[in-house]
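*Asks:* Sending over a structure as structure tokens; questions will come in a sec.
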Amino acid sequence: MMAMALRCFRHLHSLLYCSPLVMIRRLPQAAAGCPAPLLEGYRQCVRQVMLTQQLATKKAKGKGQTQAKVNINAALVEDIINLEETNEDMQAVVEALKEDFNRNVSVRTSPGALDHIIVVTKDGKFPLNQLGQISLKSPQLIIVNMTNFPESTAAAMKAIRESGMNLNPEVDGTLIRVPIPKVTREHRESLAKLAKQSTNKSKDALRKVRSKSMNQVKKFKSKVSEDTIWLLEKQIQQMADNAAAEMDKLLAAKTKELLG
């Protein structure tokens with residue numbers, strides 16, 4: 001068994017001088033024929049070597065700098081956390097903010113802007129477009145036809161009025177008339193305020209994704225090295241910072257569009 005172990009690990013020293021890409025390519029073949037427990041141990045050793053190399057590199061680059069960037073190979077830590085999934089979740093929050101800006105924070109109100117206004121009824125909460133047919137009657141007027149759910153007309157009126165879009169709906173039987181407001185300076189300022197509120201909510205959602213990922217990493221504190229935990233936490237924080245920076249850019253662009 002000892003001889004087998006030595007044969008399984010004989011490539012480890014040479015791997016110390018390989019690039020990360022070469023290391024990864026050699027992982028499946030370097031210990032061919034090894035028993036499963038030894039093969040797994042071999043892989044863990046190589047992964048830790050690579051993470052340690054990354055840590056040393058980042059700390060060396062970080063000397064004299066306020067912050068050194070981290071870029072962990074996701075394949076090395078997939079047993080701890082899925083970094084690609086974490087990044088996708090964070091980017092989904094950014095994309096949701098973009099969609100919210102396009103739908104709800106626009107100088108010109110369109111029928112689509114009313115689609116996702118949430119209406120609270122006795123049967124639950126529903127998007128407005130599931131209760132009424134929304135159409136553009138003229139450039140200055142949107143019509144919401146509540147014929148299919150007439151009992152929800154009053155609730156729909158309330159939701160439109162309180163949507164933060166500066167709308168003053170008027171009811172006519174089962175029809176709700178929504179005059180499109182003139183683009184005044186006050187309206188633009190109101191939209192800019194709404195954009196700021198939406199950005200803050202998105203950052204709250206981003207922090208939840210970050211916290212969830214950090215908690216996942218902390219579960220492995222007793223199973224992996226402190227260096228590995230440090231690298232992962234720094235990588236996750238870096239992803240969150242990048243997403244937050246994208247949100248700030250979106251807000252700055254939207255504010256400039258609204259207020260000049």
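*Asks:* Within the range 213-229, how many residues are in contact (Cβ under 8 Å) with a residue 12 or more places away in the chain and in a helix (DSSP H, G or I)?
*Replies:* Of the residues in the range 213-229, 7 are in contact (Cβ under 8 Å) with a residue 12 or more places away in the chain and in a helix (DSSP H, G or I).
*Asks:* Here's another thing I want to ask about it. Across the range 203-236, what is the number of residues that are over 30 Å from Glu186 (Cα atoms) and surrounded by 15 or more Cβ atoms within 10 Å (Cβ to Cβ)?
*Replies:* Of all residues in the range 203-236, those over 30 Å from Glu186 (Cα atoms) come to 206-236.
With surrounded by 15 or more Cβ atoms within 10 Å (Cβ to Cβ) added as a condition, the list becomes 206, 209-210, 213-214, 216-217, 220, 224, 227-236.
Selection size over the range 203-236: 19.
*Asks:* Please verify whether Ala245 is outside any loop (DSSP other than H, G, I, E, B), among the hydrophobic types (A, V, I, L, M, F, W, C), over 28 Å from Val119 (Cβ atoms) and out of contact with any helix residue (DSSP H, G or I) (no Cβ under 8 Å at 6 or more places or on another chain), treating the condition exactly as stated.
*Replies:* Values: outside any loop (DSSP other than H, G, I, E, B): yes; among the hydrophobic types (A, V, I, L, M, F, W, C): yes; over 28 Å from Val119 (Cβ atoms): yes; out of contact with any helix residue (DSSP H, G or I) (no Cβ under 8 Å at 6 or more places or on another chain): yes.
Spelling it out, Ala245 is indeed outside any loop (DSSP other than H, G, I, E, B), among the hydrophobic types (A, V, I, L, M, F, W, C), over 28 Å from Val119 (Cβ atoms) and out of contact with any helix residue (DSSP H, G or I) (no Cβ under 8 Å at 6 or more places or on another chain).
*Asks:* While we're here: Within the range 142-156, count every residue that is in contact with a strand residue (DSSP E or B) (Cβ under 6 Å, 6 or more places away or on another chain) and either open to solvent by less than 40 Å² (accessible area, probe 1.4 Å) or at pLDDT below 95 (or both). Even if it seems obvious, please write down each step before you answer.
*Replies:* Of the range 142-156, the ones in contact with a strand residue (DSSP E or B) (Cβ under 6 Å, 6 or more places away or on another chain) are 142-145, 152, 155-156.
If we keep only those that are either open to solvent by less than 40 Å² (accessible area, probe 1.4 Å) or at pLDDT below 95 (or both) as well, we get 142-144, 152, 155-156.
Qualifying residue count, the range 142-156: 6.
*Asks:* I would also like to ask the following. Give the number of residues within the range 132-148 that are in contact with a helix residue (DSSP H, G or I) (Cβ under 7 Å, 6 or more places away or on another chain), of a type outside the set (Val, Ile, Thr) and either free of Cβ contacts under 8 Å to residues at least 12 places away in the same chain or under 14 Å from Val171 (Cβ atoms) (or both).
*Replies:* Number of matching residues: 2.
The rows are residues; the columns are (1) without any contact (Cβ under 8 Å) to a residue 24 or more places away in the chain; (2) more than 25 Å from Asp100 (Cα to Cα); (3) out of contact with any His (no Cβ under 8 Å at 6 or more places or on another chain).
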{"residue": "Arg185", "(1), (2), (3)": "yes, no, yes"}
{"residue": "Arg188", "(1), (2), (3)": "no, no, yes"}
{"residue": "Arg207", "(1), (2), (3)": "no, no, yes"}
{"residue": "Arg210", "(1), (2), (3)": "no, no, yes"}
{"residue": "Leu231", "(1), (2), (3)": "no, yes, yes"}
{"residue": "Lys234", "(1), (2), (3)": "no, yes, yes"}
{"residue": "Lys249", "(1), (2), (3)": "yes, no, yes"}
{"residue": "Leu259", "(1), (2), (3)": "no, no, yes"}
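*Asks:* Is it the case that Ala253 is within 19 Å of the chain's Cα centre (by Cα) and either crowded, with 20+ Cβ neighbours inside 10 Å or assigned to a helix (DSSP H, G or I) (or both)?
*Replies:* Details: within 19 Å of the chain's Cα centre (by Cα): no; either crowded, with 20+ Cβ neighbours inside 10 Å or assigned to a helix (DSSP H, G or I) (or both): yes.
The answer is no for Ala253.
*Asks:* Look through Ile176, Ile180 and report the one residue that is over 26 Å from Val93 (Cβ atoms) and at pLDDT 95 or above.
*Replies:* Working: Ile180 fails: at pLDDT 95 or above.
Just one listed residue meets the conditions, Ile176.
The values are calculated or read from the model by the stated rules, or taken from the named source; none is laboratory data. Values in this document were obtained by computation on a predicted structure and should not be read as measured data. Cβ: placed from backbone, ideal geometry, glycine included. Neighbour counts: every protein chain shown. These area figures cover heavy atoms from the full protein model, side chains too; ligands, DNA and RNA do not enter into them. Shrake-Rupley method; radii C 1.70, N 1.55, O 1.52, S 1.80 Å.
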